[in-house]
Amino acid sequence: MSKPTLILVVGVGRSGTSLFAGICGQLGFHIPQPEVAADDTNPKGFGEPKWVVDFHTAIMRRKRVTVFDARPQAWEQTAAAAAEAEVQGRLRDWLQGEVDHATDVVVVKDPRIGWFLPLWNQAAAAVEVPTAFVTMLRHPAQILTSAKKSYGTWQTDASRAAAWINVMLETERATRGTRRAFVPYADLLGDWAAELRRAGALLDVPRLAEVERAAHPDVDAFVDPSLFRNRTGWEGLDVPDHVRRLAEEVWEQLTLLGAAASDDEAARHSALDRARARYDELYAEAEAISHSSVIAVRPRKKAGAAKAAPPTLRGRVARRLPAGVRRALRSSRS
């Protein structure tokens, strides 16, 4: 029996990933159970395996990385966690169990997946399943407006816009050379069957490439265009002009990459790499400028707290000795 295909639905939260995963579930593809329960922010459901969400969340909390994290350095934190043998083993064992219960397609969606794509590639290779990627495309201003309503105002518009740039650039770079499809959220709502056929051809998944709308009235009932409630632009969002301009540039290049012929990919990749370099410089500059703000919010030592006594001469000398020598000296004294 041939191995099923693993489809990873990636992209920033509020970009339409739940809609794509939900359609796949309606078509009978295997979405690992149980799923995260629907709520007011996503009344049709999230299409997210609870195990995957909990797995990613625990790692990200430990590494102090958020879903909308704007820091370029945050990728180093998640990469370090993904290199841990225990983390690799947990995902590999879970994925093996899901593959054993699937027939032809396993669909996994979680906005946090983008932070761990090398880890997922490694796990998929270990259990010998081919992997394909669907990246949802939705204009960043619409995502910011939706995120503010769904997640609250604890994070600024500027920070979320920067996070969109950070995550989408790395997601695109991490999926180069793979079977992948970019799916515009508005197009999926407008004609879900046509978009699935287009994506299925790119991903080499026949059940997607050959889907017929008339055969699935239940999907028509599931896809509700009225849920596309945030169609606004940058108006009403407090995002600096230079961040907005860079976000628009990245959005344009991703849109072109999703629609362009294969001979245009090299140009799109180069443009996105240049945007990545400019974003890294922009963020480093912002960190340098805001250093006083970081210092101001650091916890201060309690007044009257005793200061540690300065090290003695013996202590200063001992610190310069190799650890093995220090242990030998302690043993001889005992």
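The values are calculated or read from the model by the stated rules, or taken from the named source; none is laboratory data. As the structure is a prediction and not an experimental result, all values here were calculated from the model. With ideal geometry, Cβ positions are generated from the backbone for all residues, glycine too; neighbour counts draw on all protein chains shown.
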- Task: Please give the number of the condition GLN96 fails out of (1) among the polar types (S, T, N, Q); (2) farther than 30 Å from ALA158 by Cα; (3) not in a helix (DSSP H, G or I).
- Result: (3)
- Message: Condition check: hydrophobic (A, V, I, L, M, F, W, C), crowded, with 17+ Cβ neighbours inside 10 Å and either modelled with pLDDT of 90 or more or part of a helix (DSSP H, G or I) (or both). Does LEU246 satisfy that?
- Response: yes
- If you check PHE55, PHE46, PHE20, which single one turns out to be of a type in the set (A, V, I, L, M, F, W, C), modelled with pLDDT of 95 or more and more than 17 Å from TRP94 (Cβ to Cβ)? PHE20
- Any chance MET136 is within 30 Å of GLU248 (Cα to Cα) and in a strand (DSSP E or B): yes
- Boolean, ASP238 is touching a helix residue (DSSP H, G or I) at 6+ places or on another chain (Cβ under 6 Å) and not in a helix (DSSP H, G or I): yes
- Which of the residues belonging to the stretch 164-205 are part of a helix (DSSP H, G or I) and of a type in the set (Asp, Glu)? GLU170, GLU172, ASP187, GLU195
- Item | Test set (1) on the phi < 0 side of the Ramachandran plot; (2) out of contact with any Phe, Trp or Tyr (no Cβ under 9 Å at 6 or more places or on another chain); (3) assigned to a loop (DSSP other than H, G, I, E, B) - SER15 fails condition number | (2)
- Message: Residue pairs, Cβ under 9 Å, 6 or more apart or interchain, first in the stretch 213-236 and of a type in the set (Gly, Ala, Ser), second modelled with pLDDT of 95 or more and not in a helix (DSSP H, G or I). List them.
- Response: GLY233/HIS139
- Output the number of the condition that SER15 fails; it satisfies all remaining conditions of (1) surrounded by 22 or more Cβ atoms within 10 Å (Cβ to Cβ); (2) of a type in the set (S, T, N, Q); (3) more than 20 Å from VAL183 (Cβ to Cβ). (3)
- Message: Given the criteria out of contact with any helix residue (DSSP H, G or I) (no Cβ under 7 Å at 6 or more places or on another chain), assigned to a helix (DSSP H, G or I) and farther than 20 Å from LEU8 by Cα, does GLN155 qualify?
- Response: no
- Message: So, PRO4, is that one in contact with a strand residue (DSSP E or B) (Cβ under 8 Å, 6 or more places away or on another chain) and either at positive phi or surrounded by fewer than 18 Cβ atoms within 10 Å (Cβ to Cβ) (or both) or not?
- Response: no
- Query: Can you pull out the residues in the stretch 40-85 that are under 20 Å from GLY22 (Cβ atoms), assigned to a loop (DSSP other than H, G, I, E, B) and of a type outside the set (Phe, Trp, Tyr)?
  - Reply: ASP40, THR41, PRO43, LYS44, GLY45, GLY47, GLU48, VAL67
- Task: Give the residues of the stretch 249-270 that are modelled with pLDDT of 95 or more and exposed (fewer than 15 other Cβ atoms within 10 Å of the Cβ), sorted by residue number.
- Result: GLU252, SER270
- If you check THR131 against the conditions, is it over 16 Å from the mean Cα position of the chain (by Cα) and closer than 20 Å to ALA181 by Cβ? yes
